[in-house]
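Asks: First the structure, then my questions, so here it is.
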Amino acid sequence: METTVYIPTLRAGERLAQTLESLERQEPRPRVVVVDNSSEGLGAELVRDRFPWALSVAFGENLGFGAALNRGVREVPGDPIVFLNDDVSAEPGFVAGLTGALTPEVGMVAGVLLSEADPRRIDSAGVVADRTLLGFDYLNGEPAEALESAGDPLGPTGGAALYRRSAFEQVGGFDEGIFLYYEDLDLALRMREAGFDCRLAPSARGIHAYSETLGANTGRKYAMTGWSRGYLLRTYGFGRQPLLLTRAIAVESAICAGQVVFQRTAQGARARLRGWRAGRRATPRSVPEDGLLDISAREALALRRRRHRA
């Protein structure tokens, strides 16, 4: 087995080409698999025509983020496995920084995404969550210098992550019921519950074009994130925790109200209800006892607004 980088893609194009070019410059160059979710085989075509040193796995349809990566790992096994978004340009030493942080007790490593709009600031250094499992990008908006003294996040963001393959497979990989968004948070929660730690790799950096696929503030994105939020609340048993559920409903209501007022869409609110109903069919999960942020609802909303402004 060898370190393998898996890049899920839907549109392929020049963004993906830039990602592959950045990986080609890594020392040493890793094995790379383009996981093609396009119906036209665009990613496989790009690999064949311009990056023959890379591999590709094509499905002929969009399986969703997690399902596609699960299948990519099964069809082209690697260890450790690295996931990288197709709108990220890896800086020199990215892959080496991830693998260098992997120790026997660690099951996952978080890379760092810097903002394309301002590479001096952090877009995400992993995922964290509060007691209602409301997720946030770790260190979002902070200067890159904050990495020098930062602790470890709950888990890596799916856009720049390394997992020990045995740990990834032990918990079943990504939940394929989640089509897009928060699948990385769910995986981090299950891995923490299984006893796997996460480490931050401050030197593993990439430049990220935020929400390149669906856009940052669109009804389509709100529908995807809303569904996943409702699904996680049901799956992790918040229906049996009235106090936490009440807080979660209050925060989610404020978020959805903002979407209605500023973006004129209620897709996020409706999708949360659909996700909640879908969570009834999922295998119940336990919330890990440690690693969650102990913050108020007001602080949680402030963190959400900070990401919205970014």
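Asks: Is there a residue in the range 222-233 that is part of a loop (DSSP other than H, G, I, E, B) and either crowded, with 20+ Cβ neighbours inside 10 Å or not assigned by TED's automatic domain parsing to the domain that holds ALA96 (or both)?
Replies: Checked against the condition, which is being part of a loop (DSSP other than H, G, I, E, B) and either crowded, with 20+ Cβ neighbours inside 10 Å or not assigned by TED's automatic domain parsing to the domain that holds ALA96 (or both), the range 222-233 yields no hits at all.
Asks: Mind checking which residues of the range 234-265 are of a type in the set (Gly, Ala, Ser) and surrounded by fewer than 19 Cβ atoms within 10 Å (Cβ to Cβ)?
Replies: Correct list: GLY237, GLY239, ALA250, SER253, ALA254, ALA257, GLY258.
Asks: Among the residues of the range 280-303, is any under 21 Å from PRO153 (Cβ atoms), in contact with a Phe, Trp or Tyr (Cβ under 7 Å, 6 or more places away or on another chain) and part of a helix (DSSP H, G or I)?
Replies: So far as the range 280-303 goes, yes, one or more of its residues are under 21 Å from PRO153 (Cβ atoms), in contact with a Phe, Trp or Tyr (Cβ under 7 Å, 6 or more places away or on another chain) and part of a helix (DSSP H, G or I).
Asks: So, one more: Can you spot a residue in the range 21-39 that is over 24 Å from GLY151 (Cβ atoms), modelled with pLDDT of 95 or more, under 16 Å from the mean Cα position of the chain (by Cα) and of a type in the set (Gly, Ala, Ser)?
Replies: no
One line per residue, one yes/no per condition, for (1) under 19 Å from PRO92 (Cα atoms); (2) touching a Pro at 6+ places or on another chain (Cβ under 7 Å):
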position	(1), (2)
VAL5	yes, yes
ALA12	no, no
LEU20	yes, no
LEU23	yes, yes
ARG31	yes, no
GLU40	no, no
GLY72	no, no
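Asks: Identify, please: which residue in the range 202-220 is assigned to a loop (DSSP other than H, G, I, E, B) and of a type in the set (Ser, Thr, Tyr) and is, among those, modelled with the lowest pLDDT?
Replies: THR213
Asks: Could you go through the range 266-285 and let me know if any residue there is buried (at least 17 other Cβ atoms within 10 Å of the Cβ), small (Gly, Ala, Ser), under 27 Å from GLY195 (Cβ atoms) and under 21 Å from the mean Cα position of the chain (by Cα).
Replies: yes
Asks: Restricting attention to the range 39-84, and to residues there that are without any contact (Cβ under 8 Å) to a residue 60 or more places away in the chain, touching a strand residue (DSSP E or B) at 6+ places or on another chain (Cβ under 6 Å) and part of a helix (DSSP H, G or I), which single residue is farthest from GLN18 (Cα to Cα)?
Replies: Checked the range 39-84; the qualifying residue farthest from GLN18 (Cα to Cα) is GLU75.
Asks: Can you tell which of GLU183, GLU142 is on the phi < 0 side of the Ramachandran plot and out of contact with any strand residue (DSSP E or B) (no Cβ under 7 Å at 6 or more places or on another chain)?
Replies: GLU183
The values are calculated or read from the model by the stated rules, or taken from the named source; none is laboratory data. Computed from a prediction, not measured in an experiment: that's the story for all the values here. In this analysis, Cβ positions are derived from the backbone assuming ideal geometry, glycine residues included, and neighbour counts consider all displayed protein chains.
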